[in-house]
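A.B. asks: One structure follows; several queries about it will come next.
The values are calculated or read from the model by the stated rules, or taken from the named source; none is laboratory data. Keep in mind it's a predicted model, so treat the numbers as computed, not measured. No Cβ is skipped: glycine too gets one built from the backbone with ideal geometry, and neighbour counts run over all protein chains shown. We work out accessible area using only protein heavy atoms, side chains counted, and drop any ligands, DNA or RNA first. Shrake-Rupley method; radii C 1.70, N 1.55, O 1.52, S 1.80 Å.
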Amino acid sequence: VLVLHEGKMIFSGPVEYLKQRYQTMGLLSFCVQQGTISFQDVPIKWYEVDGSKIKLLFDKHYVNAVTILKYIFETAKVEDISIDDIDMESMIKNIFRKER
């Protein structure tokens, strides 16, 4: 993969290295069936609540999905859990932020 910005190369390398270095955010989605969740004690970057559906973004360098899920399971009953990496567009934006 080669990433150019204004004619200047800012990244060159294999896709796996690109992911390892810049895909540091994880996306956790789930539905709350019962209980409430306070995100004050959870080290996350951002969250969104839409009725019973919750999405949150976390930095994999500081916390993993298992730690977040343990906290959530202690305070609420959840279903439909999904753990994903951020998309390629967001990863490229991270490259631009870090290489400036």
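A.B. asks: Where residues in segment 2-54 are outside any strand (DSSP E or B), open to solvent by 100 Å² or more (accessible area, probe 1.4 Å) and closer than 17 Å to ILE68 by Cβ, which of them is modelled with the lowest pLDDT?
C.D. replies: The residue in question is ASP41.
A.B. asks: Does SER12 meet the test of being among the polar types (S, T, N, Q) and in contact (Cβ under 8 Å) with a residue 12 or more places away in the chain?
C.D. replies: Against the criterion (among the polar types (S, T, N, Q) and in contact (Cβ under 8 Å) with a residue 12 or more places away in the chain), SER12 does not qualify.
A.B. asks: Can you name the number of the only condition in (1) without any contact (Cβ under 8 Å) to a residue 24 or more places away in the chain; (2) touching a Leu at 6+ places or on another chain (Cβ under 8 Å); (3) loosely packed, with under 13 Cβ neighbours inside 10 Å that SER82 fails?
C.D. replies: For SER82, the failing item is (1).
A.B. asks: Same structure again: Within the group GLN20, GLN40, which residue is within 13 Å of ASP85 (Cβ to Cβ) and without any contact (Cβ under 8 Å) to a residue 12 or more places away in the chain?
C.D. replies: The match here is GLN20.
A.B. asks: Evaluate segment 32-50: report whether one residue or more is on the phi > 0 side of the Ramachandran plot and of a type outside the set (Val, Ile, Thr).
C.D. replies: Yes, because at least one residue in segment 32-50 is on the phi > 0 side of the Ramachandran plot and of a type outside the set (Val, Ile, Thr).
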